[in-house]
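The values are calculated or read from the model by the stated rules, or taken from the named source; none is laboratory data. For clarity, every value in this text was computed on a predicted model and none was experimentally measured. Every residue, glycine among them, receives a Cβ derived from its backbone with ideal geometry; neighbour counts consider all protein chains shown.
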């Protein structure tokens, strides 16, 4: 634990056979970058700014992969192995990670910064200290005095510890950020580790841990073709209640989540709740990694047994959409990277041999390569690559492609118009006529979007009202039932009902918003293409503008928020104990649950509203940009005859480039036509 | 509520019979924990047989009570009636089965019934059955795996149990061999002591696989470090203390000339007699004709005999410091050990059992 890690510059020998999907993504990005280069060469300084911003968008792609799981599931070891840096983040036999810790592999980083530690903001800290955060708030609302006292006790202990470590003025550190041009184990431990209060040197470990909110390290790992951000989180289900609150917040920005389970007890009720929370956000972005299979006695047969049981449970909980369940062992991966298979504990090594034999045959050597395969890391990398390709990478690529295509097309049309004006001026749309038509188009689009947005929100409101009422009634019924039987009714009170139904409604709103965007975009681009035709003539025919993509609408984080009724039995015990009649219970319970539910539904509605506003704004920007291009064409500044031939060549080159950009795009995306039809039928 | 332990309590013959019956019932030890926490392995070690199969995924079995004897297995329905096991075994049991009883001639079962609870926190079933069985136990052993020990879900379940279970509760940290060093084990123990303050009477690290290995190789040092000896000592100490306490409580009840109205229950029964769970003690029926005074006499005699044995043993061997007052006679543990050895068909040291005992006595007296 205390040995210094000089991993920053050491290149580990990470085998690359799990990285094919990521390489494919990078190839696509490279191709698009090459098109950007060609466009730069053809367009010169005119288009430098928009092209630069497109290039930045491409370069900033850095998918975030967040690892969540119960305490001691082995998240930290897995993140270390995946980063190719065994031992980089410290781990221990006791819960050790207290801070969301990110490792950025490759990609852009601030100058001379290798590590960055952000402290809590003053108000966040005060909320935590005074109210006990969200847990404290819920405990107080429910009148759960024991829990509230426990939270208070933990918070006070934490404050005293920080004060003892940092002096009385430790609060001055709040809101600040410490940056270093290096990192080593001692430095990291100071910021992210809990430390052991009874161990020597504990004053150095975890010196800042309680007030640190985020830690970020930057490493270079040439094996990865893409920049990636791995995020390690404090374990959930920790008797120290405060840490759990931090973890769920970090999930929102993630491209995907890896739920780490421990093979010895794969998927208990807490794990399942975690998977449900994440899936209520988006289940195709969830990977299950069953770690520590080296602790199984017969891994080669038990793995299949566990997989069957997981699949059965997921199916019965309607979580069948989780496609990636991977088994492995971070310890083997670490050993494979350091080449020290003989350092493995004897029983861990024995089960590695069993797995390798079962995967290969009796002659398969047990070496770094086969240990790497058995560790499940290549499979995990492939799964990450597959999901990234379908989600964040596709989004960025498609965005850049559309913008670039439109840019090139506009330039080609402008050049064409100038050629015509110099060669054989013809009577076309005048600037005034153009402005009138553009104005009409803007108005039409705006009206169309406003109408559709209103419909979507109205539909959402109606649906959510039904669900809220049904949920409250159902909960009350379960509660009075439980009251009658004298048992805590936790089994029957199911907040997942609320979550899944709200998610379905949200998903429908997302789909409607996309269809609305595509339909409005389609009619706008049809109108624009007609305008270009009127400006340039037949020649414009095979160049068409493309509408912007629908905005990305990640599921609202409140869908995954712990709510009062997720709490464990003791909460209910104290609840039920304090009410003499079901009527009294209902009287206290109803307003409580209404507040809880309202908090969630309002947040979800706000998300939809924002997305709809973004759609409208993006469409307005698109019309604005196209309007400027069209206006430039309508000006018809004639060019010198000398450069006429050159401009003709430019037009040809731009059209060819546009064709290639569009060609690649058509390959990548299914046509939007079907959805537009669906929307039109619906309206 | 403070409980008055001094005053003699006059009760009716009916109530007295009932109390006496309850006082002489064998204590029930529940083995609880989340699924795959090593409960079945621990139980197999205790009774010295692979009676229960171990599974890595959650199992769908009712609570299983192990009793001493050689009777055929039976299951208990929701109203307490007993029925023979169906042909298909545990898998063929109907859903309303509340408990399965297996009879087995293991020495540890002479002192107490042991109940193997279904694993808690299983996503596919409710914890209710295990929970109510746990409430019906006189003492509980909570198993938590060393590599993921004592999480909030365990804590909140255990903390919600009544204090009487906390006072005698034993936290067994299973699979201790999965931790790399004594240092690591010590650190986990330290954290557990901090986080379970007031919730258990004792915490111990156990490696059942090492214990079984020790039996097979006759390695007394390994047996001692595996934690198995300590576990058995702790259990026997607690069961004998429990029985002693109950008989002491019973002594304060006197049969008086009170109308023998079945409705006239004991006004203020001792908390130790509370029976919230299943009570289908075989003793209730088999002693029906004997008469309660005779039963009581037997119980007292047995108690006195035990006391004498214990004092005798204490004189012979220095008691271990941890459980000074209620230290059970040492030979009892050896008996169990021998019993375990006898269950292993190819146990290599069967012939030299006396040598083993010597080794063992030397080891623990150090």
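Out of all the residues in region B:41-58, is one or more part of a strand (DSSP E or B), buried (at least 22 other Cβ atoms within 10 Å of the Cβ) and modelled with pLDDT under 90? Taking every residue of region B:41-58 in turn, none turns out to be part of a strand (DSSP E or B), buried (at least 22 other Cβ atoms within 10 Å of the Cβ) and modelled with pLDDT under 90. Exactly one residue among A:148, A:174, A:128, A:166 is in contact with a strand residue (DSSP E or B) (Cβ under 7 Å, 6 or more places away or on another chain) and at pLDDT 70 or above, and that residue is A:174.
Every residue, every condition in (1) away from every other protein chain (no Cβ under 12 Å); (2) modelled with pLDDT of 85 or more; (3) surrounded by fewer than 18 Cβ atoms within 10 Å (Cβ to Cβ); (4) under 19 Å from residue A:95 (Cβ atoms), yes or no:
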{"site": "B:135", "(1), (2), (3), (4)": "no, yes, yes, no"}
{"site": "B:138", "(1), (2), (3), (4)": "yes, yes, no, no"}
{"site": "B:143", "(1), (2), (3), (4)": "no, yes, no, no"}
{"site": "B:151", "(1), (2), (3), (4)": "no, yes, no, yes"}
{"site": "B:172", "(1), (2), (3), (4)": "yes, yes, no, no"}
{"site": "B:177", "(1), (2), (3), (4)": "no, yes, no, no"}
{"site": "B:181", "(1), (2), (3), (4)": "no, yes, yes, yes"}
{"site": "B:188", "(1), (2), (3), (4)": "no, yes, no, yes"}
{"site": "B:212", "(1), (2), (3), (4)": "yes, no, no, no"}
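Test residue A:408 against the stated conditions and say whether it is part of a helix (DSSP H, G or I), outside the structural domain of residue A:583 (by TED's automatic domain parsing), at pLDDT 85 or above and closer than 30 Å to residue A:65 by Cβ. Against the criterion (part of a helix (DSSP H, G or I), outside the structural domain of residue A:583 (by TED's automatic domain parsing), at pLDDT 85 or above and closer than 30 Å to residue A:65 by Cβ), residue A:408 does not qualify.
Scan region B:153-170 for residues that are at the interface with chain A (Cβ under 7 Å from one of its Cβ atoms) and either modelled with pLDDT of 90 or more or within 17 Å of residue B:41 (Cα to Cα) (or both) and the total you get is 0.
Taking the condition under 20 Å from the mean Cα position of the chain (by Cα) and within 19 Å of residue A:77 (Cβ to Cβ), does residue A:287 pass? Considered against the rule, which asks whether it is under 20 Å from the mean Cα position of the chain (by Cα) and within 19 Å of residue A:77 (Cβ to Cβ), residue A:287 comes out as yes. When region B:91-119 is filtered for residues that are touching a helix residue (DSSP H, G or I) at 6+ places or on another chain (Cβ under 7 Å), more than 16 Å from residue B:27 (Cα to Cα) and at pLDDT below 85, nothing remains. Scanning region A:59-96 for residues that are more than 14 Å from every other protein chain (Cβ to nearest Cβ) and under 19 Å from residue A:274 (Cβ atoms) yields a count of 7. When A:382, A:357 are checked against the criterion of being modelled with pLDDT under 90, assigned to a helix (DSSP H, G or I) and either within 20 Å of the chain's Cα centre (by Cα) or farther than 21 Å from residue A:289 by Cβ (or both), a single residue qualifies: A:357. How about region A:298-313: which of its residues are at the interface with chain B (Cβ under 9 Å from one of its Cβ atoms) and surrounded by 15 or more Cβ atoms within 10 Å (Cβ to Cβ)? Scanning region A:298-313 gives A:302, A:305, A:306, A:309, A:310, A:313.
Scanning region A:263-279 for residues that are in contact with a helix residue (DSSP H, G or I) (Cβ under 7 Å, 6 or more places away or on another chain) and over 13 Å from residue B:121 (Cα atoms) turns up A:263, A:264, A:276, A:277, A:278. Selection of region A:283-296 for residues being more than 8 Å from chain B (Cβ to nearest Cβ) and either at pLDDT 85 or above or surrounded by 21 or more Cβ atoms within 10 Å (Cβ to Cβ) (or both) yields A:285, A:286, A:287, A:288, A:289, A:290, A:291, A:293, A:294. For region A:192-207, does any single residue satisfy the condition of being crowded, with 21+ Cβ neighbours inside 10 Å, farther than 23 Å from residue A:64 by Cβ, modelled with pLDDT of 85 or more and out of contact with any strand residue (DSSP E or B) (no Cβ under 7 Å at 6 or more places or on another chain)? No, region A:192-207 contains no residue that is crowded, with 21+ Cβ neighbours inside 10 Å, farther than 23 Å from residue A:64 by Cβ, modelled with pLDDT of 85 or more and out of contact with any strand residue (DSSP E or B) (no Cβ under 7 Å at 6 or more places or on another chain).
Could you list, in sequence order, the residues of region B:116-126 that are touching a residue at least 12 places away in the same chain (Cβ under 8 Å) and facing chain A (nearest Cβ under 9 Å)? Break it down into steps so the answer makes sense when it comes.
Quick first cut of region B:116-126, residues touching a residue at least 12 places away in the same chain (Cβ under 8 Å) only: B:116-125.
B:119, B:120, B:121, B:122, B:123, B:124 - these are the residues of region B:116-126 that are touching a residue at least 12 places away in the same chain (Cβ under 8 Å) and facing chain A (nearest Cβ under 9 Å).
Residue-level analysis places residue B:198 outside the set of residues that are away from chain A (no Cβ under 13 Å) and either in contact (Cβ under 8 Å) with a residue 40 or more places away in the chain or in contact with a helix residue (DSSP H, G or I) (Cβ under 9 Å, 6 or more places away or on another chain) (or both).
Regarding residue A:100, is this residue closer than 18 Å to residue A:190 by Cβ, away from chain B (no Cβ under 14 Å), in contact with a strand residue (DSSP E or B) (Cβ under 9 Å, 6 or more places away or on another chain) and at pLDDT below 95? So residue A:100 fits the description; yes. Of all residues in region B:97-115, none are surrounded by fewer than 20 Cβ atoms within 10 Å (Cβ to Cβ) and within 14 Å of chain A (Cβ to nearest Cβ). Residue A:519 falls short of the stated requirement of being modelled with pLDDT under 80, buried (at least 20 other Cβ atoms within 10 Å of the Cβ) and within 23 Å of residue A:436 (Cα to Cα).
Of all the numbered requirements in (1) more than 8 Å from chain B (Cβ to nearest Cβ); (2) modelled with pLDDT under 90, residue A:272 misses one, and that requirement is (1).
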